[in-house]
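> Have a look at the structure that comes next, please.
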Amino acid sequence: MMKRKQLLLIASFWFSLPAAQAEPVCPPVTRVGLSDLGYTSYREQGRIGGIAVDIANEMARRTGCKFEFHWYPRQRLFIELAAGHVDMTMGSLRLPERDAYANYLPYAWLQYDLVLTQSGGQQFSSLGDFVARGTGRLNVTRGVAYDSAIETQLALLAAAGRLEVVNDFETVFGKLEMGRAEGTLASPPIYSKYLKQIHLPTPAVIVPLPESAPQFTGIYLSKQTVSPAVRRHYAAALKAMTEEQRVRAIYAKYFDEATVRRLFRPGPATLVTALSAAE
C-alpha cells in the first residue's frame, strides 16, 4: 500500500512539471512608454496606435503578459524609463547612456532620410552636401538620437543658424506645411504618415542619407523594474516573431512592399543573434 502511494506521489509530481514550466513569467503589468514617431507610434482621438503597439500586442499574446500603454513627449520618455516610472520603451535607438539603466532588445531596422519641401532646384546627395551647398533651415525633434555622422552635420547647421529644435514631429511637419522650415530628418515610418496629412505646394523631396547607416530599432527594458527572467521571456517572444517574419508582416500593414524591403534589407540574422544573446 505504501509503495503504491509513493508511486502516485511521484507520478503526480512529474505530471505537474509541464504545467509549472509552461507558466509564463509575467509581472502584474508592464508599463510601455510611447511617443510621437509617425506610424511607429501615434495618438489619435485618445487612442494610441502604430507599429510599436502592434508589436507589443503580439508580444502580449505570445507571452501571456499584460501591457499598459503610456504616452510621453520624446524628450521625457527616457527620463521616465531611467527613473523606473515605465518598464519598457518602443521604437528606440540603442545608445550607451541608455544602456546604463536599461537592457536592449532589437526588433527591426532604422535609417534616417533628409526630407525637403524646398530645394531651390538643387539636388543634394547627402546631409553634408545640403549643409555645404544649401541655404535652407532644418527643424528636428527634441529627444531624438541620430548617428554620430549626422550629429556632426547638425552641429554645423546649428552654428550657421540653420537648425531649430522643436518638441515633436507634429510641430515639425506643421512648420514645413506653413513654409517656416525647409526640411527635417526622419525615418520612413515618420515622414510617410505626416506627408499624407499636410498639404505642400509641391511634393517633398526625399534624400536617402549615406551618413545614416541602418541601425537597430527596438525595445529598452528597465533594469530597475524588469527582472532577468522577464527580459528573457520577452526576448524569446521577439526572437520567434523575427524568425517567423511576424515583425516584417506588421510593418507591411503600413507600407508598400518596396518600403518594407528597404527597411528590412539588412535581413533577420543579426536581429536573431542579438535576441538569442538576451535569452
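The values are calculated or read from the model by the stated rules, or taken from the named source; none is laboratory data. Bear in mind the structure is a predicted one, so any value in this text is a computation, not a measurement. Here the Cβ is made from the backbone with ideal geometry for all residues, glycine too, and neighbour counts use every protein chain on show. The accessibility values were calculated without ligands, DNA or RNA, using every heavy atom of the protein model including side chains. Shrake-Rupley method; radii C 1.70, N 1.55, O 1.52, S 1.80 Å.
> Out of all the residues in segment 200-226, which are in a loop (DSSP other than H, G, I, E, B) and open to solvent by 50 Å² or more (accessible area, probe 1.4 Å)?
Of everything in segment 200-226, those that are in a loop (DSSP other than H, G, I, E, B) and open to solvent by 50 Å² or more (accessible area, probe 1.4 Å) turn out to be Pro201, Thr202, Pro203, Pro210, Ala213, Pro214, Lys223, Gln224, Thr225.
> Restricting segment 250-268 to residues that are in contact with a helix residue (DSSP H, G or I) (Cβ under 9 Å, 6 or more places away or on another chain) and assigned to a loop (DSSP other than H, G, I, E, B), which is most open to solvent (accessible area, probe 1.4 Å)?
Here the answer is Lys253.
> Which is under 22 Å from Gln123 (Cβ atoms) and open to solvent by less than 50 Å² (accessible area, probe 1.4 Å), of Tyr191, Tyr234?
After applying the criteria, what remains is Tyr191.
> Hey, Leu114 hits all of (1) open to solvent by 60 Å² or more (accessible area, probe 1.4 Å); (2) at pLDDT 95 or above but one; which does it fall short on?
Just one mismatch for Leu114, condition (1).
> Can you pull out the residues in segment 210-235 that are out of contact with any Lys or Arg (no Cβ under 9 Å at 6 or more places or on another chain), of a type in the set (A, V, I, L, M, F, W, C) and at pLDDT 95 or above?
Ile219, Val226, Ala229, Val230, Ala235
> Okay, moving on. Given (1) closer than 16 Å to Arg231 by Cα; (2) in contact with a Lys or Arg (Cβ under 8 Å, 6 or more places away or on another chain), where does Lys66 come up short, assuming only one miss?
Lys66 satisfies all of (1) closer than 16 Å to Arg231 by Cα; (2) in contact with a Lys or Arg (Cβ under 8 Å, 6 or more places away or on another chain) except (2).
> For the condition at pLDDT below 95 and over 22 Å from Ser212 (Cα atoms), what is the one hit in Glu44, Glu80?
Glu44
> Kindly provide the set of residues from segment 83-96 that are charged (D, E, K, R) and at pLDDT below 95, ordered by number.
Within segment 83-96, just Arg94 meets the criteria.
> Over 29 Å from Ile150 (Cβ atoms), small (Gly, Ala, Ser) and surrounded by 13 or more Cβ atoms within 10 Å (Cβ to Cβ): does that describe Ala240?
yes
> Mind checking which residues of segment 186-199 are in a loop (DSSP other than H, G, I, E, B) and within 20 Å of Ala258 (Cβ to Cβ)?
If the condition is that a residue be in a loop (DSSP other than H, G, I, E, B) and within 20 Å of Ala258 (Cβ to Cβ), then Ser187 is the only one that fits.
> Also: When only residues in segment 135-169 that are surrounded by fewer than 18 Cβ atoms within 10 Å (Cβ to Cβ) and of a type in the set (S, T, N, Q) count, which is farthest from Leu110 (Cα to Cα)?
Per the criteria, the residue is Thr135.
> Taking the stated definitions as given, is Thr273 open to solvent by 60 Å² or more (accessible area, probe 1.4 Å) and either among the hydroxyl-bearing types (Ser, Thr, Tyr) or modelled with pLDDT under 95 (or both)?
The answer is yes for Thr273.
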